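Step one of this worksheet: look at the structure below.
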Amino acid sequence: MAKKQVIIDTDCGIDDAQAIMMALAAPHIQVMGITCVFGNAAVENVCQNVLRVLSVCEREGIPVFRGSGGPLVGATKPVSDHFGTDGLGDVIKDKDPQWELKIQREHAVNAMIRLVTENQKQVSLVALGPLTNLALAVRLDPCFPQKLKDLYIMGGNMEGKGNVTLCAEFNFALDPESAYIVLEEFLCPTYLASWEYACRNALTWEFFEELINQDAAAAVFMKMITSKCWAYSKDAMRSKRDVYFGPGFVSYDAYAMSACIDGSVVTERIECPVRVELQGSMSRGMMALDRTNELKKSHSVFVLTKCDVAKLGQLLMASLRQPKK
Ligand SMILES: [Ca+2]
C-alpha cells in the first residue's frame, strides 16, 4: 500500500515532539519534511529541537526547514514559560554546535509549496504551531491550498475558553492574522483539533507514567524533557486547564497528528464554518463556530469533538518505542 505523505509544520515544544514521534512510528506514514515556525521557542530553537527528535528516533534523513521567526503582524513573541526557554524543558545540555549545517537552505514556505506542487492532492499538512508559514504559503502561491490533500490543525477553541488569554488558544493567539487567513482561504478538507477537544479527551497521569517508563530511547528522552517541566506537573489545579476540565495528561499536538494517522481516532465532529476574531480586546485570536451560517461562508471545516482515547493511547505508546530495531 502506498504510504500517506505528510508534511509537519511545528513550533517544536514537548507535545510537538510527541506528535512528530507518533508520525515517525506509524508504518503507513511518510514524513516528507518538517517545517519550523516560532511559537513554543524562537525558531532557531525549534529547528534544533526537531533535529534532536529525529536524532533520538534515528531518522535524520528527513529534511528540516527553517520558517517564520515571528507573526505576520506585531512583535515577535515566542512564549518561553510553558515548556522552558528552549521548548524542550531546558534540560538538554549537549547542544549541537553544527545544527545550522543540518537545516536545509531552502526556506520552509518555499519547501512546503514545492513539495505540495510536486505531489498534488497527495500531501496531508499537519500544523502544530502558529499558522504563519501556512499564511505565507497561500500568499506566495494562491493555489497552494487546493493542491493539498487535506489539512490538520492543532489550534483554536470552540467554547471561547482560552489558555494564554481569556478567550484565545496559544497557537492562534500568537498569530491571529495567520489563523484568520488559513481558516478563510484554505478550502481543502480541514480538520481542527481545538484546545477544548484535547482537554476534554485527556489521558490519565497513570497512563503518562506507563508511557514514559517504556524501555526505548524515545521514552527515555521524553522522560528527561518532561522531568523538570511544570506543564507535566501532576499537582492539580495549577493551570487553567485543570480549572476548566480537571486534572489529566494532555498532549495537545498528538490530537491533530492522531486524526491524520488514523481517522477512526475521531469519533465525533461538527462540520461548520469558522472564523477567527481579530479585533476584540478580550477575544483577539478566538475561533468562533458559525453553526447557523450567519457569516454566509461557503467553506466548512471539521471541528473535532470526541476522540477514541484508547486508540490515541495506543498511538502514543507506539510513538515512544523507537528507534525501531
Ligand atoms: Ca505545537
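The values are calculated or read from the model by the stated rules, or taken from the named source; none is laboratory data. Owing to the predicted nature of the structure, the values given are computational and were not obtained by experimental measurement. Cβ atoms come from the backbone with ideal geometry, glycine included; neighbour counts cover every protein chain shown.
For this structure, a couple of remarks:
- In region 156-195, of all residues being in contact with a strand residue (DSSP E or B) (Cβ under 7 Å, 6 or more places away or on another chain) and small (Gly, Ala, Ser), the one that is surrounded by the fewest Cβ atoms within 10 Å (Cβ to Cβ) corresponds to SER194.
- Total residues in region 154-173, condition within 8 Å of GLY285 (Cβ to Cβ) and either within 13 Å of the ligand (Cβ to nearest atom) or among the β-branched types (Val, Ile, Thr) (or both): 4
- If you go through region 1-45 and keep only what is polar (S, T, N, Q), within 12 Å of the ligand (Cβ to nearest atom) and at pLDDT 95 or above, you end up with THR10, GLN18.
- Some residue of region 307-318 being surrounded by 18 or more Cβ atoms within 10 Å (Cβ to Cβ), within 16 Å of the ligand (Cβ to nearest atom) and more than 13 Å from TYR191 (Cα to Cα): yes
- The set of residues in region 232-276 being modelled with pLDDT of 85 or more and among the acidic types (Asp, Glu) consists of ASP253, ASP262, GLU268, GLU271.
- Picking from residues in region 217-265 that are away from the ligand (no atom under 16 Å from the Cβ) and among the β-branched types (Val, Ile, Thr), the one that is surrounded by the most Cβ atoms within 10 Å (Cβ to Cβ) is ILE261.
- Region 80-123, residues that are farther than 26 Å from THR226 by Cβ and assigned to a loop (DSSP other than H, G, I, E, B): GLN98, GLN104, ARG105, GLU106, HIS107, ASN119, GLN120, LYS121, GLN122
Residues are listed down the side, and each one gets a yes or a no for (1) touching a strand residue (DSSP E or B) at 6+ places or on another chain (Cβ under 8 Å); (2) over 30 Å from TYR180 (Cα atoms):
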| residue | (1), (2) |
| --- | --- |
| THR204 | yes, yes |
| LYS228 | no, yes |
| TYR244 | no, no |
| ALA254 | no, no |
| ALA259 | yes, no |
| SER264 | no, no |
| ARG269 | yes, no |
| VAL276 | yes, no |
| SER281 | no, no |
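- Between GLU294, GLU210, the distinction of being at pLDDT 95 or above, over 19 Å from the mean Cα position of the chain (by Cα) and outside any helix (DSSP H, G or I) belongs to GLU294 only.
- Flag for LEU54 being in a helix (DSSP H, G or I), under 25 Å from LYS147 (Cβ atoms) and away from the ligand (no atom under 14 Å from the Cβ): no
- For region 98-153, the set of residues classified as β-branched (Val, Ile, Thr) and either modelled with pLDDT under 95 or within 16 Å of the ligand (Cβ to nearest atom) (or both) consists of VAL126, THR132, ILE153, listed by residue number.
- Criterion: of a type in the set (Asp, Glu), within 15 Å of ALA108 (Cα to Cα) and crowded, with 21+ Cβ neighbours inside 10 Å - qualifying residue of ASP9, ASP16: ASP9
- So VAL37, is it buried (at least 22 other Cβ atoms within 10 Å of the Cβ) and within 18 Å of ASN133 (Cα to Cα): yes
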